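The values are calculated or read from the model by the stated rules, or taken from the named source; none is laboratory data. Being a predicted model, the structure only gives us computed values, none of them experimental. Positions of Cβ are backbone-derived with ideal geometry, glycine not excepted, and every protein chain shown enters the neighbour counts. Side chains included, ligands, DNA and RNA excluded: accessible areas come from the protein's heavy atoms. Shrake-Rupley method; radii C 1.70, N 1.55, O 1.52, S 1.80 Å.
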Amino acid sequence: MSEYTEAKRMEAAALLRSGWYARYLWVFAAGQLVLVPVSLLWHGAAQAVVFAAANMLLVGGLSVYAARQRVVRRGFGLKHGLVIGTWSVMFAATVVLGTEVFRDDLAFTVVAAVACALPAVAGAVTERRAA
């Protein structure tokens, strides 16, 4: 088998098995629908404990899941960096605006939770198309 044929076979296998990343992103997006309201609407020690525990479960669980995957497709690092980078900006803006301008505002919290989930949703949708 030529190197070219072997490379094509490996790339096809990577694309076939890369659906895990879309599932990862859907779970991350769903997590935003919990974490954003907890971070904006709850206050005090209970909020800190629940937020830390939920965040640890989400990020820890997703990290273990990702580490167990044997295949990533070409361009994965760039895509993941863009998704997480965009989410980071959205979440930081959400926390700043939600604590300084829209404190305890339910409408803002709902919009912010959806906005924080959107980068992961967009990544999951485009990942399904690429696979």
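Let me cross-check residue 51: its accessible surface, 1.4 Å probe, with only protein heavy atoms counted, in Å² to the nearest 10?
50
Contact order normalised by length for the chain, with contacts defined as Cα pairs under 8 Å and 6 or more residues apart; what percent is it?
Answer for the chain is 47 percent.
Can you sort 79, 8 by solvent-accessible area, 1.4 Å probe, largest first?
8, 79
When P(r) over Cα pairs in 5 Å bins from 0, in percent is calculated directly from the model, which label among (1) 2, 10, 19, 21, 19, 16, 11, 3, 0; (2) 2, 12, 22, 24, 17, 12, 7, 3, 0; (3) 2, 10, 17, 20, 17, 11, 8, 6, 4, 2, 2, 1, 0 fits?
Computed from the coordinates, P(r) over Cα pairs in 5 Å bins from 0, in percent corresponds to (3).
For the pair residue 105 and residue 76, how long in nm is the line joining their label points, each one 7 Å along Cα→Cβ?
4.0
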